[in-house]
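*Asks:* Structure incoming, see below.
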Amino acid sequence: MSTHPLEDRPERWSVTESSYLYEGDWVVSLRADQVRRAGADGEEPFRRLVLEHPGAVIVLALDDGDRVLCLAQYRHAAGRRFVELPAGLLDGPAEEEPLDVARRELREEALLEAEDWTHLATTWSSPGISAEVMHLFLARGLSTVDRGDFVLEHEEADMETFWVPFAELRDAVLEGRVGDGPLVQAVLLAEAKGLVPGAENDSAL
């Protein structure tokens with residue numbers, strides 16, 4: 001049995017030099033750092049690229065029949081149309097909490113609001129290169145709303161929305177038919193935490 005603590009911990013190695021390879025007005029920036037390993041003052045720094053990202057929220061919205069609100073959205077970098085969950089960036093005011101962003105994104109993308117919210121997990125999408133942090137939520141007690149003055153643009157203007165029974169979505173995850181990382185995490189976390197009663201009995205696998 002391992003005696004190492006099974007817990008991530010904050011740590012920051014020194015950066016001797018930093019420069020931006022890309023700074024734009026769309027979501028991310030790419031930074032190059034010269035990093036020195038902690039406790040290795042005699043070693044030369046080494047180069048690491050950091051994809052700066054504001055972070056994101058993802059919402060697994062379940063109705064009273066345990067159906068999940070899903071989106072089908074084109075993603076240019078992957079060249080695929082993915083089955084996804086409502087999601088959005090933490091690109092608003094610094095004091096805005098992830099839950100507030102999740103509420104806003106559910107309204108803007110799915111025309112829904114929820115009475116009950118459960119934080120499923122906070123995960124790092126690819127910490128070897130990206131600073132993106134993802135906050136995953138389960139939303140219940142749904143009702144329809146309008147999206148206010150928000151206007152869907154670009155990929156969002158082409159989104160399709162549809163409802164899927166949770167068990168069917170879980171099976172699609174396990175069979176590899178859907179591969180969006182945040183969706184996979186949210187579905188498996190909700191089931192593992194017992195937040196979708198009876199779902200384990202509905203699997204056809």
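None of the figures in this text is laboratory data; all of them are computed from the coordinates on show. Bear in mind the structure is a predicted one, so any value in this text is a computation, not a measurement. With ideal geometry, Cβ positions are generated from the backbone for all residues, glycine too; neighbour counts draw on all protein chains shown.
*Asks:* What tally of residues in the stretch 7-41 results from selecting those that are under 27 Å from the mean Cα position of the chain (by Cα) and over 15 Å from Leu51 (Cβ atoms)?
*Replies:* Here is the first cut: in the stretch 7-41, the ones under 27 Å from the mean Cα position of the chain (by Cα) are 7-13, 20-33.
In the following step, the residues that additionally are over 15 Å from Leu51 (Cβ atoms) were identified as 7-13, 25.
Matching residues across the stretch 7-41 total 8.
*Asks:* Please return the ranges of strands (runs of 3 or more DSSP E) entirely within the stretch 1-112 where 2 or more residues are of a type in the set (A, V, I, L, M, F, W, C) and within 27 Å of Asp149 (Cβ to Cβ). It would help to see each step written out before you state the result.
*Replies:* On the way: elements: 14-23, 29-36, 46-52, 56-61, 67-75, 80-84, 87-89.
Where strands (runs of 3 or more DSSP E) fall fully within the stretch 1-112 and carry at least 2 residues being of a type in the set (A, V, I, L, M, F, W, C) and within 27 Å of Asp149 (Cβ to Cβ), they are 56-61, 67-75, 87-89.
*Asks:* From Glu115, Glu95, Glu132, which residue is within 16 Å of Gln185 (Cα to Cα) and of a type in the set (Asp, Glu)? Talk me through it step by step, then tell me what you get.
*Replies:* Values: Glu115 fails: within 16 Å of Gln185 (Cα to Cα); Glu95 fails: within 16 Å of Gln185 (Cα to Cα).
Only one candidate qualifies: Glu132.
*Asks:* Okay, next question. In the stretch 27-47, which residues are in contact (Cβ under 8 Å) with a residue 24 or more places away in the chain and touching a strand residue (DSSP E or B) at 6+ places or on another chain (Cβ under 6 Å)? Show your work before the answer.
*Replies:* Step one: of the stretch 27-47, the residues in contact (Cβ under 8 Å) with a residue 24 or more places away in the chain are 27-28, 37-38, 45.
The answer is Val28, Pro45.
*Asks:* Sticking with this structure for a sec: Pick from the stretch 102-134 the residues that are closer than 16 Å to Pro54 by Cα and among the hydrophobic types (A, V, I, L, M, F, W, C): which of them is nearest to the chain's Cα centre (by Cα)?
*Replies:* Met134
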